[in-house]
Each structure stands twice: as C-alpha cells, then as structure tokens.
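K.L.:
Before I ask anything, here is the structure I am working with.
Every read-out reported here was derived from the displayed coordinates using simple, explicitly stated rules and does not represent laboratory data. Given the structure is predicted, the values throughout are model-derived calculations rather than measurements. Glycine also receives a Cβ, built like all others from the backbone with ideal geometry; neighbour counts cover every protein chain displayed.
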C-alpha cells in the first residue's frame, strides 16, 4: 500500500511538472519583471553556429520582446522535436528536412515558423588522401555519424541527386564529439558533418591535411537548413508571442551575419570553453547559408513553393511515403517572415 501511494504521489508530481512545462504559452508563466519565461534549445550542442541565440540574449532582444529566455544545448533535430512536443521546451532549432522526414513517420504536435538557413548545411567530410574527393567516391565507403543524424537521414535524398545507390554507403554509428578525431585517425574515410564543422575537423587533424567537403546543398539546393520549431498549439493560440520571439531571434541572427567575430566573442561569455577562432570561422562559413547568393527574401523566410518542393524531393527519393505530409503539416507559413 505504501509503495502504491508513493507511486501515485510521484505520478502527480510528474503530471504537475508536465502541465507547468506545457504552459509556455500562458501569460501567467512570467518572472518578477513580468517577462514570459521561455525555454529554448539549440540544434546541437553549443558550437559557434548557435551564436545568434546568445547574441539575442546578450543584446536584450529577447527581453525587449518580453521574454526571459533560458538557452539549453539541444541534441539533434529529433530530440529537439520531442522535447518541444512534450512541453519541456517552447522553441528549438532543427534541420527542416529531418523535421519533415520525422513527421512523415511519427506525428508530433510541432511546426516550423521560420528558416535559419536558406540552404541545407548537411554534408559528408573527408581529408585529402582518404579516397573521397567527389560524391561518386562514396560508393563502398564507411561514413562515421551519429545514429539518426540529419546527414544520415537525408543521405538517400543526396544519393538520388548525385546518382549513387544509398545502400552502397555504410554509416558507422559514432558519438558526435569524437567524429573529427575518428576521421583524422583514418579509422573511417568520411564523417557526417554540417559544412560549418570544417574548422573543427581541420583542428583535429595533426597532419594538417586539406578538408574535403561534399555539401548536400550543392546538388539539392531547394532544401532548407535549420528552422525554428515550436509547438503547434503555441503557434495557433499565441501567434503574436511566436512572432515576437522569432523576430528577436532573427535580430540576433542578423547581427551574427554582420559580425561573426563579435558574435563568437559574445557566445564565449555564456560558453567559456568555446574556441572563439573556430566559432568565428564556423559563422563565416554559415553566412552563405543564411543568405545564399541571389537570395532576395527576408531573413528567416519560408515559402509555400519551397516547402512543396522539399516534400516532392523527399517523395521522389523515397525518403518519405507519397502523400504522407502536406505543407501545413510541417510549417505554419502565415507566421513566417515575408517580404
């Protein structure tokens, strides 16, 4: 009987915690200054590529918009989606294509409201002399990557675009922090990595070999990169709050685009172990993905035509079943920035 009461009490506490977490859109969830408390997840870890959120925090953009924001390192698109869906976070960052593929197979109450990158940053990286110099060299190779990572999940789309059989490439499950060293050791000839990871890969190689990068976006340019994720109910019931938060975050992104070195320096105040030089190099690479050449839209733009193209590409490459998702299932386009 005592055990049963303890279990019931524990379930009640957990239930209250979940209700509290899910009240991110409730105006009552405010601190002493009247600011709305918001939990935000980065896409993955605390690398330089995430600096824009820290810039928005440091420069008071979140506070000016009425938010008290807590930034927590995320652990990949799928985990970010699940944590946002469950109410443990209000907003997060995840790869748009990985987001779409996940929702085609598992329904979660989440949506995207804006794009951080107008091109996918997914890539395969190698080092000079390891036998990978072009997409066709991937055939028969083993690539180290985190299970379920964006690079792995999206690989069939890339493979179809470059004309190789995705099954001809083996992905070796490997912990993300050790991927650069795994490549440098020669234990694998390639690793899954975002294009901005090039400075980290170069730093890990004591032989100072040239980094070979095969960006997915070079062959599938219609794919978005990272996008802003929130709960579907928050987007529907509190659209003004979502717009204010997104606009504050995008102000941080604009400042980061304009001055990568300053953004990296700001981030180091919050992440002391950050290598400012590496972070700055990452952010300089990221500029071409935030605003690609010939891109004329507003920062953060998501359009119906592009979203439809992404879905079509995923269906054509058999990454998702035909008709499994519609644009409105993965993006709340009326909240996205417009020209």
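K.L.:
Relative contact order for the range 122-218 using alpha-carbon pairs under 8 Å, separation at least 6, rounded to a whole percent?
P.N.:
On the way: 172 pairs, mean separation 44.3, N = 97.
The normalised contact order for the range 122-218 reaches 46 percent.
K.L.:
How would you order 54-65, 292-303, 325-336 from highest to lowest mean count of nearby Cβ atoms within 10 Å?
P.N.:
In decreasing order of mean packing, 54-65, 292-303, 325-336 become 54-65, 325-336, 292-303.
K.L.:
Also: Going by alpha carbons, how many degrees (0 to 90, nearest 10) lie between the helix axis of 304-316 and the longest principal axis of the chain?
P.N.:
50
K.L.:
Nearest 10 degrees, 0 to 90: what angle lies between the long axis of helix 150-162 and the longest principal axis of the chain (Cα atoms)?
P.N.:
40
K.L.:
Follow-up. Give me the one-decimal nm value for the distance between modelled label points at residue 276 and residue 133, 7 Å along each residue's Cα-to-Cβ direction.
P.N.:
3.9
K.L.:
Relative to the longest principal axis of the chain, what angle (0 to 90°, nearest 10) does the C-alpha long axis of helix 96-105 take?
P.N.:
70
K.L.:
Normalised by the residues of the range 68-157, what does the relative contact order come to in percent, with Cα pairs under 8 Å and at least six apart?
P.N.:
30
K.L.:
For the chain, calculate the relative contact order in percent as a whole number, restricting contacts to Cα pairs under 8 Å that are 6 or more residues apart.
P.N.:
It rounds to 25 percent for the chain.
K.L.:
Also: So for each of 121-132, 196-207 I average, over its residues, the number of other beta carbons within 10 Å; can you give me the resulting order with the highest mean first?
P.N.:
So the order, starting with the most tightly packed, is 121-132, 196-207.
K.L.:
Using the count of nearby Cβ atoms within 10 Å as a rough guide to exposure, how do 306, 49, 209 rank from fewest to most?
P.N.:
Exposure proxy ranking, most exposed first: 209, 306, 49.
K.L.:
I've got another one for you. Based on the Cβ-Cβ distance of residue 165 and residue 329, what FRET efficiency does E = 1/(1 + (r/R0)^6) give at R0 = 35 Å, to the nearest 0.05?
P.N.:
Efficiency, rounded to the nearest 0.05: 0.75.
K.L.:
Note the listed values [x] 34.5, 111; [y] 20.3, 69; [z] 19.8, 65, then indicate which one is Rg and Dmax of the Cα atoms in Å calculated from this particular structure.
P.N.:
Identified label for the calculated read-out: [y].
K.L.:
In the range 122-218, what percentage of the DSSP-assigned beta bridges are antiparallel, given to the nearest 5?
P.N.:
Details: 9 of 15 bridges.
Expressed as a percentage, antiparallel bridges in the range 122-218 total about 60.
K.L.:
Sticking with this structure for a sec: Which value at 222 nm does the chain reach when only helices count, each DSSP H run of 4 or more adding -39,500 (n - 2.57), with the total divided by all residues and rounded to the nearest 500 deg cm²/dmol?
P.N.:
-13000 deg cm²/dmol
K.L.:
Separate question: When the chain is treated as a GNM, springs tying every alpha-carbon pair under 10 Å, which of 102, 77, 111 comes out with the largest mean-square fluctuation?
P.N.:
Result: 102 has the largest fluctuation of those listed.
K.L.:
For the range 122-218, what is the Kirkwood estimate of the hydrodynamic radius, computed as the reciprocal of the mean inverse distance between distinct Cα atoms, to one decimal in Å?
P.N.:
Here the Kirkwood hydrodynamic radius works out to 12.9 Å.
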